[in-house]
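The values are calculated or read from the model by the stated rules, or taken from the named source; none is laboratory data. Keep in mind that what you see is a predicted model, and the values were worked out from it rather than measured. Quick reminder, even Gly has a Cβ in these numbers, built from the backbone with ideal geometry, and neighbours come from all protein chains shown. Quick note on the areas: whole protein, heavy atoms, side chains included, nothing else; ligands and nucleic acids left out. Shrake-Rupley method; radii C 1.70, N 1.55, O 1.52, S 1.80 Å.
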Amino acid sequence: RFSFIHALIRESLYRKLSSPRRVRWHRRVADVLERFYADNPEPALGDLAYHFTQAACSNLADKAISYAILAAEKATTALAHEESARFLGMRLEALAFRHPGPASEALRVDLHTRRGRAYGSIGQWALARPEFEVALEHLEPGRKEGRCELLLDLAATCFWLLDLAPVGRCAGESLGLAECLSRDDLAAEALSWLARSKQALDGDLLGAIQLDRQARQR
């Protein structure tokens with residue numbers, strides 16, 4: 001164990017290590033931590049996620065992803081949404097070392113969606129928006145329910161960013177999908193965002209009230 005008077009000294013020494021050596025050290029630390037916390041009901045998930053992520057290129061991507069999502073879920077439970085987003089970012093780093101395919105793409109969509117919602121929970125809308133956009137880009141065309149929910153997330157994000165034009169487009173497409181799925185809950189949410197768009201973008205208050213009434217009925 002080493003301690004440093006200033007973090008810059010630690011960082012300087014760390015950067016002098018070659019990449020392969022750094023990976024080996026992180027892997028050794030991760031293995032030791034995993035054994036140490038094997039019987040502990042509350043392991044140091046953040047430390048495990050970090051070290052396994054740094055060693056993910058050595059066939060440890062799945063472990064890194066697993067610990068990162070556990071750490072993110074624990075942070076979310078504690079309402080530490082920014083910390084949750086950080087752990088989800090680690091998981092995305094580890095995903096780069098996982099074999100590509102449908103399962104990895106589905107995982108990528110899930111990670112970006114979770115990260116977007118974590119940022120949204122703390123009002124970081126500018127950070128949330130690209131996460132939802134990337135999730136939509138990688139989503140399989142047949143996943144209508146997932147697309148519907150992501151479009152609603154994006155509509156809300158754009159509204160709070162005061163970028164009002166996309167709100168109506170996202171909510172309108174989401175409403176069509178909700179109708180196909182017979183999901184009244186999603187249809188109601190889509191109608192409510194259409195109402196906000198009509199009120200804020202078009203200045204049509206009466207039209208917004210009518211849409212809100214439809215949303216309440218649904």
Rounded accessible area of Cys180 (nearest 10 Å², 1.4 Å probe): 100 Å²
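By how many nm would the segment from Asn59 to His6 grow when fully extended, if each residue of separation counts as 0.36 nm and the alpha-carbon distance is taken off?
15.8 nm
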Please list Phe36, Phe52, Phe97 from largest to smallest accessible area, probe radius 1.4 Å, with all protein chains kept in place. Phe36, Phe97, Phe52
Would you list, by chain and number, the lysines whose Cα falls below 23 Å from the Cα of Lys74, excluding same-chain residues fewer than 8 positions away? Lys63
For the Cα atoms of the chain, what angle does the longest principal axis make with the long axis of helix 45-54, in degrees from 0 to 90, nearest 10? 80 degrees
Please compute the volume of the convex hull spanned by the alpha-carbon atoms of the chain and report it per residue in Å³. 160 Å³
Reported to the nearest 10 Å², Asp185 has, with a 1.4 Å probe, an accessible area equal to 80 Å²
Heavy-atom accessible area of Leu201, protein chains in place, probe 1.4 angstrom, given in Å² to nearest 10, is 90 Å²
Förster radius 30 Å - calculated FRET efficiency between Arg24 and Asp110 (Cβ-Cβ, nearest 0.05): 0.45
Note, segment 2-8: 3J(HN,Hα) by Karplus (6.51, -1.76, 1.60, θ = phi - 60°), whole Hz, Gly/Pro = x, goes 10, 10, 10, 5, 9, 4, 5
How large is ³J(HN,Hα) for each residue in segment 205-215, as worked out from phi by the Karplus curve 6.51 cos²θ - 1.76 cosθ + 1.60 (θ = phi - 60°), to whole Hz, x for Gly and Pro? 5, 5, x, 5, 5, 5, 5, 4, 5, 5, 4
Find how much the distance from Glu34 to Leu17 grows on full extension, using 0.36 nm per residue of separation minus their present alpha carbon separation; answer in nm with one decimal. 3.8 nm
With contacts defined as alpha carbon pairs under 8 Å and 6 or more residues apart, what's the relative contact order of the chain in percent? 10 percent
Mean Cβ-within-10 Å packing, highest first, puts peptides 187-196, 73-82 in the order 187-196, 73-82
Starting from the 7 Å offset along Cα-to-Cβ, what nm value, one decimal, do you get for the label separation of Lys144 and Leu205? 3.8 nm
